[in-house]
Amino acid sequence: MNLAGQIASTAARLMQHRASSYTEQVLQLAQRSAERAAQRVESLGPRITTLAEAGLKLTEIGFRCVDQLVRQGLESVHGTLNDGAEHLRVTAKARTFGALYAAQRAAIPKTHRRVSHDLDATWRIMSSTSRDLFDLARATGGELAASPSHRKRRAAASRPRARKRPTPRRAGERHSTT
């Protein structure tokens, strides 16, 4: 074998050695990354269950609130219609403008009480729903905070990280002069 052939053969062996070393490093990195990803996916199981249960409870709270609001709305509409019908009857019976005015004015406290009752009932529905939502959020947050994956992430975040090395300069780059 001549000198050029030996040089080419040696260069080929060096390149193959470097490539196999690089390939092994990449393979090891990919394996470690895949293992970490598998652990993360496994650790999500309890969190997904917690979130799914919270979603079901949220749906139940929402449906209950809407049901109560619709029922209260119907009651309010019936009260408004009855008040309106009563006002029309009073108007029909009045013989003078003064009598009409006095009858309408006398009906105002009853209407005021009905409207106040309707608003109070609506307020109770909304505040009960609000309390239920806060309780659900607090419980769900507590469960998620207590899950093992959250603790591991928090512990990992508190560990000191290795300093990032500056990237090497390319042959043609110069230092900044400004």
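The values are calculated or read from the model by the stated rules, or taken from the named source; none is laboratory data. Predicted model only: the values in this text are computed from it and were never measured. Counting neighbours? That spans all protein chains shown, and the Cβs are built from the backbone with ideal geometry, glycine included.
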Leading residue by the ranking (farthest from residue 139 (Cα to Cα)) among those in segment 83-105 that are surrounded by 13 or more Cβ atoms within 10 Å (Cβ to Cβ) and either of a type outside the set (A, V, I, L, M) or under 30 Å from the mean Cα position of the chain (by Cα) (or both) | 104
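Please work out which residue is farthest from residue 140 (Cα to Cα), limiting yourself to segment 28-45 and to residues that are touching a residue at least 60 places away in the same chain (Cβ under 8 Å) and more than 17 Å from the chain's Cα centre (by Cα).
Taking segment 28-45 and keeping what is touching a residue at least 60 places away in the same chain (Cβ under 8 Å), we get 40, 43-44.
From what's left, more than 17 Å from the chain's Cα centre (by Cα): 40, 43.
Details: 40: 20, 43: 17 Å.
Filtering first and then ranking leaves 40.
So that you can scan it fast, the table gives a plain yes or no per residue for (1) under 28 Å from residue 102 (Cβ atoms); (2) modelled with pLDDT under 90:
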residue	(1), (2)
45	no, yes
62	no, no
67	no, no
70	no, no
79	yes, no
83	yes, no
88	yes, no
